[in-house]
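The values are calculated or read from the model by the stated rules, or taken from the named source; none is laboratory data. From a predicted model like this one, the values you see are computed outputs, not experimental measurements. Note: ideal-geometry Cβ built from the backbone for every residue, glycine included; neighbour counts use all protein chains shown. Remember, those area values only see protein heavy atoms, side chains included, never the ligands or the DNA or RNA. Shrake-Rupley method; radii C 1.70, N 1.55, O 1.52, S 1.80 Å.
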Amino acid sequence: VQLQASGGGLVQAGGSLRLSCAGSNISFRTYAVGWFRQTPGKEREFVAAISRAGITPRYAEAVKGRFTISRDNARNSVYLQMSNLKPEDTGVYYCGARWGPINTNSASEFGSWGQGTQVTVSS
């Protein structure tokens, strides 16, 4: 399966954005999906993940209470609703797939990365 992230943009602090991750085929629904973000010179950072059934999502502490991950397997899509955005949320956001449980924050445990989408939050 290949994934493609979209929905990024420029937003002021306190604003909202909704990112989408589209899977290339029906096998998408058999994978857990994670959102990660990356800034220049830094490693890819865990943001949120959701199981293939769409239950028990996990979040990084930095985004808890502000971001919500969800999925629609009928549309082969996973979403990341981001609210109350802060300048430190700026980065390129990627979605990755994992065959297995979402009990890891490591980007190396996910794959099928597509092009990311840029999120820029101005202060």
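Before moving on, here are some points about what is shown:
- Summed over the residues of the chain and divided among them, the accessible surface reaches 50 Å² per residue at a probe radius of 1.4 Å.
- Taking the inverse of the mean 1/r over every pair of distinct Cα atoms in the chain gives a Kirkwood hydrodynamic radius of 14.1 Å.
- Sulfur and carbon atoms: percent of accessible area, region 17-123 [1.4 Å]: 48
- Taken along its three principal axes, the alpha carbon spread of region 52-123 comes to 38, 25, 24 Å, from the longest extent down to the shortest.
- Rounded to the nearest 20 debye, dipole of the chain from Cβ charges on Lys, Arg, Asp, Glu: 260
- When nucleic acids and ligands are ignored and a 1.4 Å probe is applied, Arg98 ends up with an accessible area of around 40 Å².
- Rolled with a 1.4 Å probe across the full set of protein chains, the surface gives Arg71 an accessible area near 40 Å².
- Heavy-atom SASA rank of Ser77, Ser108, Ser83 (probe 1.4 Å, accessible area, largest first): Ser108, Ser83, Ser77
- Where N is the number of residues in region 7-75, Cα Rg divided by 2.2 N^0.38 Å: 1.20
- Gaussian network model of the chain, springs between alpha carbon atoms under 10 Å - residue of Ser51, Ser112, Ser70 with greatest fluctuation: Ser112
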